[in-house]
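Novice: Below is one structure. I have some questions about it.
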Amino acid sequence: MAKTNPGRFFEDYTVGETIHHAVPRTVSGGERALYHALYPARHALYSSDEFARSCGLPASPLDDIAAFHVVFGKTVPDISLNALANLGYAEGRWLKPVYPGDTLHSTSEVIGVKQNSNGKSGVVWVRTRGRNQQNEVVLDYVRWAMVRKRDIDAPAPDPVIPTLKPALDAGDLVIPQGLDFTNYDFTLAGEPHRWGDYQIGETIDHVDGVTVEEAEHMMATRLWQNTAKVHFDTGARPDGQRLIYGGHVISMARTLSFNGLANAQIVAGLNGGTHANPCYAGDTIKAWSEVLDKAETTAPGVGALRLRLVATKGGDPFNLKGEDGRYLPEVMLDLDYWVLMPI
């Protein structure tokens with residue numbers, strides 16, 4: 001009996017099965033410090049306990065995307081160890097803040113499979129839930145990945161393609177208990193722009209850029225215990241390059257968006273996301289945003305803003321797709337998400 005784990009291949013997934021992922025993780029202030037060292041993270045709610053308390057929370061939570069990375073990282077050995085690419089996301093909701101001292105674990109339900117026409121790989125859809133030590137769901141999302149086949153002659157399963165919401169409604173969002181922005185300090189937050197200052201259709205160039213380095217990417221990916229071979233082993237891809245973890249691009253773009261969206265404090269929903277083109281060491285990530293929708297919430301002083309966040313490696317901002325409808329080669333990430341901010 002083999003003692004090592006080669007990872008799952010496409011033919012190893014069955015629609016309806018639940019996978020319990022190994023190695024729960026207790027988070028601490030160390031994760032926050034490393035997250036803020038690896039990315040230009042400056043949102044006040046995640047930087048200061050006192051600022052968070054002034055907004056009705058008991059303390060400063062772990063950054064929402066950092067919590068996503070922890071939950072996601074648990075799934076990699078079972079879902080995407082042999083993936084060729086992580087393709088997209090949908091129906092993501094942050095249901096409870098994650099605080100230092102919380103212990104997170106993950107489970108995934110296989111909700112769809114479809115073999116690719118080349119017969120060498122297929123797409124697997126999973127719904128992943130991250131839970132804390134009270135077994136409360138803190139995060140729920142769907143993702144799909146292209147996974148290699150172990151045996152190209154293995155019969156293709158009957159295709160099952162899940163029906164997913166194109167976007168969450170504002171009413172689907174869960175507001176953290178106690179959140180109250182009525183006494184929000186815009187000076188400490190770093191910008192004066194509130195919910196009412198943003199208009200649907202508005203675009204924002206976040207101006208700044210960060211060049212990705214091999215060492216920082218690998219440190220970040222190890223931090224989240226993401227073991228996907230393509231992020232570390234230069235022999236795992238035909239081009240001999242390490243593929244930068246898509247979550248690294250998400251975090252970089254989200255934190256770059258501080259310049260222009262400093263008061264978009266809480267990520268509450270993930271409507272969809274596409275890793276449009278690969279990112280490699282040496283690429284310089286820049287970001288721009290488009291306001292897609294806005295809504296009031298039931299929480300005092302809290303509004304919801306739906307944003308498109310685009311990460312690029314060059315080119316002019318606000319260009320997304322060519323005349324053929326395909327993403328331009330410089331576009332790395334197209335993310336559709338909801339944030340909470342002061343009205």
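The values are calculated or read from the model by the stated rules, or taken from the named source; none is laboratory data. Source: prediction; values computed, not measured. Cβ coordinates were reconstructed from backbone atoms using ideal geometry, including for glycine residues, and neighbour counts include every protein chain displayed. Accessible surface areas use protein heavy atoms only, side chains included; no ligands, DNA or RNA. Shrake-Rupley method; radii C 1.70, N 1.55, O 1.52, S 1.80 Å.
Novice: Being farther than 17 Å from LEU309 by Cβ, open to solvent by 30 Å² or more (accessible area, probe 1.4 Å) and either in contact with a strand residue (DSSP E or B) (Cβ under 6 Å, 6 or more places away or on another chain) or in a loop (DSSP other than H, G, I, E, B) (or both) is the filter here; which residues of segment 200-246 pass it?
Specialist: Within segment 200-246, THR211, GLU213, GLN225, THR227, PHE232, ASP233, ARG237, PRO238, ASP239, GLY240, GLN241, ARG242 qualify.
Novice: How about segment 169-192: which of its residues are closer than 25 Å to GLY272 by Cβ and open to solvent by 40 Å² or more (accessible area, probe 1.4 Å)? Full working, then the answer.
Specialist: At the first step, the residues of segment 169-192 found to be closer than 25 Å to GLY272 by Cβ are 169-176, 179.
Within segment 169-192, ASP169, GLY171, VAL174, ILE175 meet the criteria.
Novice: Could you run through segment 215-248 and say how many residues are closer than 12 Å to HIS69 by Cβ and of a type in the set (Val, Ile, Thr)?
Specialist: Residues of segment 215-248 closer than 12 Å to HIS69 by Cβ: 220-226, 245-248.
Applying the additional criterion that residues be of a type in the set (Val, Ile, Thr) yields 221.
Result for segment 215-248: 1.
Novice: Mind checking which residues of segment 303-316 are buried (at least 17 other Cβ atoms within 10 Å of the Cβ) and either on the phi > 0 side of the Ramachandran plot or part of a loop (DSSP other than H, G, I, E, B) (or both)?
Specialist: Within segment 303-316, LYS313 is the sole residue that qualifies.
Novice: Quick check on segment 51-65: of everything there that is part of a helix (DSSP H, G or I), touching a helix residue (DSSP H, G or I) at 6+ places or on another chain (Cβ under 9 Å) and not aliphatic (A, V, I, L, M), which residue is most open to solvent (accessible area, probe 1.4 Å)?
Specialist: SER54
Novice: To continue, here is another question. Just to be sure before I move on: is VAL249 under 23 Å from PRO40 (Cα atoms), at pLDDT 95 or above and open to solvent by 10 Å² or more (accessible area, probe 1.4 Å) in the structure I sent?
Specialist: Working: under 23 Å from PRO40 (Cα atoms): yes; at pLDDT 95 or above: yes; open to solvent by 10 Å² or more (accessible area, probe 1.4 Å): no.
No.
Novice: Of all residues being touching a Ser or Thr at 6+ places or on another chain (Cβ under 9 Å) and farther than 23 Å from PRO24 by Cβ in segment 110-137, which is surrounded by the most Cβ atoms within 10 Å (Cβ to Cβ)? Just the residue, please.
Specialist: Of everything passing the filter in segment 110-137, VAL124 is surrounded by the most Cβ atoms within 10 Å (Cβ to Cβ).
Novice: Run LEU45 past the list (1) touching a strand residue (DSSP E or B) at 6+ places or on another chain (Cβ under 8 Å); (2) modelled with pLDDT of 95 or more; (3) open to solvent by 10 Å² or more (accessible area, probe 1.4 Å) and report the number of the one that doesn't hold.
Specialist: (3)
Novice: Please list, ordered by first then second residue, the pairs with beta carbon atoms under 9 Å, 6 or more apart or interchain, first in segment 231-245 and farther than 16 Å from MET219 by Cα, second open to solvent by 60 Å² or more (accessible area, probe 1.4 Å) and of a type in the set (Val, Ile, Thr).
Specialist: From segment 231-245, the pairs are GLY240/THR234; GLN241/THR234.
Novice: Scan segment 82-109 for residues that are surrounded by fewer than 21 Cβ atoms within 10 Å (Cβ to Cβ) and closer than 21 Å to VAL230 by Cβ and report the count. Spell out the reasoning first.
Specialist: Just the residues of segment 82-109 that are surrounded by fewer than 21 Cβ atoms within 10 Å (Cβ to Cβ), to begin with: 84-85, 87-88, 91, 93, 95-96, 99-101, 103, 105, 107, 109.
Next cut, closer than 21 Å to VAL230 by Cβ only: 84-85, 87-88.
Adding up the residues that qualify gives 4.
Novice: Now, a different point. Got at least one residue in segment 315-326 being over 23 Å from TYR280 (Cα atoms) and touching a helix residue (DSSP H, G or I) at 6+ places or on another chain (Cβ under 6 Å)?
Specialist: No, the conditions are met nowhere in segment 315-326.
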